[in-house]
Amino acid sequence: MAQDTTVPKLDFEYWLDKAIKWGQSTTLESQKDVCFHLPQLQEFLHQVYETLKHMDSLVAIQQFPLIGQLLGRLCWNPFVMGYDESQKTLMWCLYCLYSSEPQNPVELKANSWIRSLLCHLLTSSSKWESNEAETSTFISTLGYTSADYYCHLVKNMVFSLVAELRGNQVNGLNMHGRDSGSRVNALSLFCLPLITLSDLTPLLEALLLYQGGASKEILSSEFLEAVNDAFLKKKISLPESSVFSLWLRHLPSLEKATLHLLDRLVSIQWNSLEEVACAIKDSLLPQAASHPAIFRIVNEIFKNVLLETDGTPEVLTVIQVFTQLFLQSHQNEINQHKFPLKAYFPYHHQPLVTALLRHPFELPNTQWSQHLKHISDMLKALVEDTNISSVADLFEIWFLVARFGEWLDIAAEQLLKAPVEHDALLWLLAFYYCPQNENQQRTQTMVEAKAVYDHLMMLFSRTVLSIKDLEAAVHTVRNTEQCCNQHLITHLLTNFLLFSSGGHMIAQEFIYHVIEAADISKEVCSLLIRTAYRIDHNGEENQRTVKLLNELLQKLTLKV
């Protein structure tokens, strides 16, 4: 066979004629001709790429009208695809022809064709296998089965693209040259239909971590949204660094991830805080929140959800568990350059923040009451400061306290279990349940809570009780018009049932006749779950209380 070794530079007609002949014939002579010309073809494709990367896509198509036919035919030739860097060079040529901002139907159609062709290059092993008679000789010569061959082909191509994104140079193809931003943007778009392909994961990671130095985001928003959706639906697995980079690059994805977590946890009935903690930790949001920007955005989302749901117990519990997991993640972070905690709470009274950040189990339980009084005194001074006048300022202070709800639960317990300065702890709970004092609401809440508390303390030492003995407190719950009063009194009554001997005897009856009738089962269930978690981790309560907790939870979860 005559060998034509001289090929004019960018002679598209010559190579298109070759590609047509190679595609029409499957003879051994034709295959030999393909193999003979592969080095020259690769050099030609490299020259095409070097020319195209400095041109506008529309200009390139106008100047080289045969380029589409040529690249399309070559992409379907397994000998070309399997040779050295030819497949990657074809990919880059196609990227150059892709219009990032198509202006007319022709460009839109060209973009669609390029995307489908790139998708074919990554996923078309089954299509290529349909031409097994054409490719089997070549593949078997390499010692591969068809499936193995195409699997290696995809992996090698992904490896090559990842190397380019990380700044390495292979055969002169450098992603960081002129117009690199548009090339990376195009690459991210081409990945859209292939995101869940496991072999593509290293490329997704490299794209998410790519920093091109541009003033605006390089990766397409469609790509970022698609990756986030696939991650949230557990269709792909990504390392933490890639997920954090995704959320920092694309705030709508961070917002969607946060709302997805809240929706998931609020819409199901969970039986323990361990379930909640596991789901939150699995979301990677507490770990990502170590970056102050992510923490503040998640914080704002939590605030908005609280306002929209009127502070439902389920949402508050999720926020409180998230805060504890965030603090654990921050504490365990070994990065010597990690941010100080004040970077996450920059607008709040720092001594109060420091006191709230102290985990209860870091102190002996004999010091809990003193610590809570310290918190209450600082909070009261802050709230009564004349500079704190707006509703927004008051909400910020309340939200800070609400994040550390474990201290509030302990305050309600300490009122019944330990000798305390009850006024300070009652004020702390009154502020939590009724932060605004318009028309003396909080003052009235404090008065009513004190009356219920005094009533419960008279009954606390009695070992035999009946429902009638608690009717005065129940009457307050039923007839109060202020929601905050009801929540606070419910909190006190529930703790009385758990931690008094007489309360144990009537707990189940009380739950059935009173709490369910008042339509506060969810609230009590959330409180019991938090209490069970704390007892389980502290181990200070007797087995009778633990057994009662489990029985009440079982009863309530069947009703909720």
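The values are calculated or read from the model by the stated rules, or taken from the named source; none is laboratory data. On a predicted model such as this, the values are computed, not experimentally measured, just so you know. Heads up, the Cβs are rebuilt from the backbone with ideal geometry, glycines too, and the neighbour counts pull from every protein chain shown. Quick note on the areas: whole protein, heavy atoms, side chains included, nothing else; ligands and nucleic acids left out. Shrake-Rupley method; radii C 1.70, N 1.55, O 1.52, S 1.80 Å.
Things to note:
- Candidate residues C93, C278: accessible-area rank, largest first, probe 1.4 Å: C278, C93
- Probe 1.4 Å - accessible area at H330, Å² to nearest ten: 20 Å²
- Model label points for F36 and L232, set 7 angstrom from Cα along the Cα-to-Cβ axis, are 5.8 nm apart.
- Karplus-derived 3J(HN,Hα) values for segment 42-52, using 6.51 cos²θ - 1.76 cosθ + 1.60 with θ = phi - 60°, are 5, 4, 4, 4, 5, 5, 4, 4, 4, 7, 5 Hz; glycine and proline are entered as x.
- Per-residue HN-Hα couplings for segment 452-467 [Karplus 6.51, -1.76, 1.60; θ = phi - 60°; Hz; x = Gly/Pro]: 5, 4, 4, 5, 5, 5, 5, 8, 4, 7, 6, 8, 10, 9, 10, 4
- Low-density loop positions, chymotrypsin sites (Phe, Trp or Tyr not before Pro), segment 303-377 - DSSP coil, at most 15 other Cβ in 10 Å: Y347
- Accessible area, probe 1.4 Å, largest first, for residues F36, F159, F395: F159, F36, F395
- Mean projected area of the Cα convex hull of segment 250-346, taken over all directions, amounts to 6.4 nm².
- Averaged per residue, segment 250-346 has 47 square angstrom of accessible surface, using a 1.4 angstrom probe with ligands and nucleic acids left out.
- Residue-by-residue Karplus 3J(HN,Hα) for segment 259-268, coefficients 6.51, -1.76, 1.60, Hz, glycine and proline x: 5, 4, 5, 4, 4, 5, 7, 7, 8, 10
- Charge dipole of segment 244-291 (Cα centre as origin; +1 on each Lys and Arg Cβ, -1 on each Asp and Glu Cβ, all else neutral): 200 debye, rounded to the nearest 20.
- Accessible surface of segment 9-124, 1.4 Å probe, proportion on carbon and sulfur as whole %: 54 percent
- Extension gain for the segment A279 to R462, taken as residue separation times 0.36 nm less the Cα-Cα distance, is 61.7 nm to one decimal.
- Average accessible area per residue (Å²) across segment 9-124 - probe 1.4 Å, nucleic acids and ligands excluded: 44 Å²
- In terms of distances greater than 24 angstrom between alpha carbons, the cross-link table entries K373/K468; K155/K216; K216/K256; K281/K338; K53/K216; K380/K522 yield K373/K468; K155/K216; K380/K522.
- Ellipsoid semi-axes in whole angstrom, largest first, where each is sqrt(5λ) of the Cα gyration tensor of segment 349-436: 22, 13, 11
- Accessible-area ranking of T309, T354, largest first, probe 1.4 Å: T354, T309
- Fraction of accessible area attributable to carbon and sulfur, segment 258-329 (%, probe 1.4 Å): 56 percent
- Solvent-accessible surface (1.4 Å probe) assigned to L209 amounts to roughly 80 Å².
- Amide H contacts of K53: none lie under 5 Å away among residues 5 or more positions distant or on a separate chain (H built 1.01 Å from N in the peptide plane; Pro and chain starts excluded).
- Straightening the chain between E308 and S241 buys 20.9 nm, computed as 0.36 nm per residue apart minus the Cα-Cα spacing.
- Estimated D of segment 25-100 in µm² per second, where Rh is the Kirkwood radius over Cα pairs and Stokes-Einstein applies at 37 °C, 0.692 mPa s: 253 µm²/s
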